[in-house]
Structures are given as structure tokens and as C-alpha cells.
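What follows is a single structure, written as C-alpha cells, with notes after it.
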Amino acid sequence: MNESEVLGAYDRADLYEVVYEGRGKNYEREAAVTAALIRERNPGARSLLDVACGTGSHLRYFVGAFGEVAGVDLSERMLDRARDRVPGVPLWQGDMRKFDLDRTFDAVTCMFSSVGYLADVGELTATLESFARHLTPGGVVVVEPWWAPENFLPGHVQGDVVRVGELTVSRVSHSTWQREGAASRMEVHWTAAHPETGVSHHADVHVMSLFSRREYLDAFARAGFAAEFVEHDWAGPGLYVGVLGGG
């Protein structure tokens, strides 16, 4: 058995992908629903920027729905994986709060609750303003939030074991309140085992803000969007959809 190794899951993009896809996360379905929401509000939308694109799991399906797609992510390791998954798609390393690509798109997406990592409403507003700067007039933004205070489950434990080929990965997590209920703290432990490389352990902690629906909608309005909350048919906290300059 190898010495236990404490690294974040985002430092091991391969494990991240294996677990979430093994748990049944349907990136293709999510991308299709998102593309439909965009086209309902902007039928002529042809270009899309996926912010916090990660390993490109949504981007690979957006490629078939839009004439031009691109991605931004904070993690260079995630982008390395995405470059293999979506060859030829422009990808940039950047912070969602302040990136500047010096161009615009018809749609901007931010999936998988990535905005939950923003520390406060000020950072949420700055992020939505960054999105607005990268949108054409009437452009559409789709944001998948983290849980809100009223539907977060403190003490929740999640456990999964996934096998892909000779690789076995287990993931367990435990969630609690943090910052006097304004955020959640999720501790995650990953164990990976392979016949040739043995066993390794990876641990990380995710502190994610629990913004209320009102805080989201007010931040969208400050950034120039007419926005609404939309339920969807996969497990998760829903979606916010905004139109730049709408209303």
C-alpha cells in the first residue's frame, strides 16, 4: 500500500471525472437542457463561453449545439484534461471574478455549482459583471448555483464506489454549516486503488456560500440582467437564466 497522499480532487482530474460520471451525472442531458434555455431566449445564439469549464465535460456537448464554443477555468490541471477532451476548442486559464478575453459571446454558462466558491455577494456581483462584459446585447447567461440556506442539509453524508477498468475509486463526504450558516463546509475523502499503482488517498475541503434566491436575483439585476430561477429534471439546485439588458 502506498503512503497516503493528501491532494485535492481538482489536482487529480482523472478521479474527479471517474466518480461523477460513475455516479450517473449526465453531462449530455444537462448541456441539452441548457442549450434549449439559451435558444428560447436568443434563438440566433451561435457562440458560447463555458466559465469554470473544468475538464470540458459540458463543453464536449456544447460543441455540437453551437457554432463556436470556448472555455475558462481557474485550474490549469483541469484545462489540461479539457484540451484532450475538446481538441481545437479555445481554453483560457482565468478567475471568473475578473477575467477579460477582449471579446463577446451570445451565451455564457457556469455549471456544476461553481459560483458557490465565491466568498460573498460582492464576489457574486463581480462575477456576473464579468459575464456581462463577455456577452453580446441580448446575450444569455445560465448559472447553476450551489444550494440555498433553506435547502442545504447539514450533516449530510454521501458515499460512492466506482469501478472503471482496473481502477476503483471511493468517495465519501460530510457537510456542515460554516460562517454562521452563510456557507457550507464539505469535507471529501477519495481513495483510489489500482493493481499496478496501489492505493492512494486524496482529501479536500470545499467551503461554498449559501446565497439565497433573493441574493442571486439582486446580483443579476446589478450586473444588468433580467433573470429568473428555473427548475430542471436532474438532481441539483436548479438554474438561474438571465438575459443581458432584458426586461
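Being among the aliphatic types (A, V, I, L, M), part of a loop (DSSP other than H, G, I, E, B), open to solvent by 50 Å² or more (accessible area, probe 1.4 Å) and under 21 Å from LYS25 (Cβ atoms), is that true of even one residue in region 159-171?
No - not one qualifying residue is present in region 159-171.
Testing VAL89 on (1) open to solvent by less than 60 Å² (accessible area, probe 1.4 Å); (2) closer than 22 Å to LEU239 by Cβ; (3) in a loop (DSSP other than H, G, I, E, B); (4) modelled with pLDDT of 95 or more, one condition comes back false. Which one is that?
It fails just one condition, (2).
Do you know which residues across region 172-189 are under 21 Å from the mean Cα position of the chain (by Cα) and assigned to a loop (DSSP other than H, G, I, E, B)?
ALA182
Identify, please: which residue in region 1-48 is at pLDDT 95 or above, in contact with a strand residue (DSSP E or B) (Cβ under 6 Å, 6 or more places away or on another chain) and under 21 Å from GLY236 (Cβ atoms) and is, among those, surrounded by the most Cβ atoms within 10 Å (Cβ to Cβ)?
Selected residue: LEU48.
Among the residues of region 206-227, is there at least one that is farther than 27 Å from ALA31 by Cα and polar (S, T, N, Q)?
Among the residues of region 206-227, not one is farther than 27 Å from ALA31 by Cα and polar (S, T, N, Q), which makes the answer no.
Test each condition in (1) assigned to a loop (DSSP other than H, G, I, E, B); (2) at pLDDT 95 or above; (3) under 18 Å from the mean Cα position of the chain (by Cα) for ASP100 and report the one that comes out false.
(3)
Kindly provide the set of residues from region 192-205 that are without any contact (Cβ under 8 Å) to a residue 40 or more places away in the chain and within 30 Å of ALA119 (Cβ to Cβ), ordered by number.
Selection gives VAL205 alone.
Mind telling me which of the residues ALA227, ALA221 ends up being of a type in the set (A, V, I, L, M), in a strand (DSSP E or B), modelled with pLDDT of 95 or more and open to solvent by 20 Å² or more (accessible area, probe 1.4 Å)?
Being of a type in the set (A, V, I, L, M), in a strand (DSSP E or B), modelled with pLDDT of 95 or more and open to solvent by 20 Å² or more (accessible area, probe 1.4 Å) holds for just one of ALA227, ALA221, which is ALA227.
Given the condition under 15 Å from the mean Cα position of the chain (by Cα) and among the small types (Gly, Ala, Ser), answer yes or no: does some residue in region 32-47 qualify?
no
Restrict the check to region 106-115 and report whether at least one residue is out of contact with any strand residue (DSSP E or B) (no Cβ under 6 Å at 6 or more places or on another chain), surrounded by 22 or more Cβ atoms within 10 Å (Cβ to Cβ), not β-branched (Val, Ile, Thr) and not in a helix (DSSP H, G or I).
yes
The values are calculated or read from the model by the stated rules, or taken from the named source; none is laboratory data. As the structure is a prediction and not an experimental result, all values here were calculated from the model. For neighbour counting, all protein chains shown are included, and Cβ atoms are generated from backbone atoms with ideal geometry for every residue, glycine included. These area figures cover heavy atoms from the full protein model, side chains too; ligands, DNA and RNA do not enter into them. Shrake-Rupley method; radii C 1.70, N 1.55, O 1.52, S 1.80 Å.
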